[in-house]
Amino acid sequence: MRALLRFPRLAMSARPAPAFAPMTLPALVLGVLAMGAVVLASNVLVQYPLNDWLTWGAFSYPVAFLVSNLINRRFGPGPARRVAWAGFALAVVVSLWVATPRIALASCTAFIVAQLLDITVFDRLRRGVWWRAPMVATTCSATVDTTIFWSIAFAGSSLPWVSWAAGDLAVKLLIGVCLLAPFRALLWKMAPVR
């Protein structure tokens, strides 16, 4: 006990694990469909530039992090990973159908790496202030997603992909901040059952 008083970090680790609601089949299906819709929209929209700094895909993709964070908050990291992997499988099929092979490869690789990172970071920060876990997780994941996607999809092309990547990341981060409002609003509905 004296060690806990001298080293408050040890006391923090003594807290019980958070309680999570069991993931139901309808919640799983809804999560996977939401992920699939975001990936489909993003893979189509990324092929349409707004200007030399941005494509339309930057506006849709951050919603994937909101979906992941809400599932992680309510059901825990295990079910969030299941939704990410099922969303990945759906993304592979959809991407091969609506995008070029290079964009499909870039999208699927960036998606699964970023989603698994988002889930891990969110889970490690979940006990802090309500906004910290989704904001830090989204920032880290959006940065990794942008780096992987743009370097696989467009590196070596004559397109202004570096400026698109910079604009894409800026918009993802801005939308990530804006999505804190719906995340907070849904916390009461999505809070774990105690």
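Any read-out appearing in this document is the output of simple, stated calculations on the displayed coordinates, not a laboratory observation. Quick caveat: nothing in here was measured; it's all calculated off a predicted structure. Note: ideal-geometry Cβ built from the backbone for every residue, glycine included; neighbour counts use all protein chains shown.
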FRET efficiency for THR147 and VAL29 from the Cβ-Cβ distance with R0 = 25 Å, rounded to 0.05, comes out at 0.20
Taking the Cα atoms only, what angle lies between the long axis of helix 101-125 and the longest principal axis of the chain, rounded to 10 degrees? 20
Debye, to nearest 20: dipole size of the chain, +1 on Lys, Arg Cβ, -1 on Asp, Glu Cβ: 1240
Per principal axis, descending, Cα span of segment 91-132 in whole Å: 41, 13, 12
Helix axis angle, 161-178 relative to the chain longest principal axis, alpha carbon, degrees: 40
Mind pulling the angle between the C-alpha long axis of helix 25-45 and the longest principal axis of the chain? Nearest 10 degrees, somewhere in 0 to 90. 30
On alpha-carbon atoms, Rg over Rh for segment 120-170 using Kirkwood Rh? 1.17
Once the piece of chain linking ALA170 and THR100 is laid out straight, how much longer is it, given 0.36 nm per residue of separation minus the C-alpha distance between them? 22.7 nm
Taking each pair of different alpha-carbon atoms in segment 13-63 once, compute 1/r for the pair, average those values, and report the inverse of that mean as the Kirkwood hydrodynamic radius in Å to one decimal. 13.5
Placing +1 on each Lys and Arg Cβ and -1 on each Asp and Glu Cβ in segment 76-173, then taking the dipole about the Cα centre, the residue among SER157, VAL136, VAL92 whose Cα reaches farthest towards the positive end is VAL136
Under a point spin-label approximation (7 Å from Cα along Cα-to-Cβ), what is the ASP52-TRP85 distance to one decimal in nm? 4.5
Label point 7 Å beyond Cα of LEU186 along Cβ direction - residues of segment 129-143 with amide nitrogen under 19 Å: 130-142
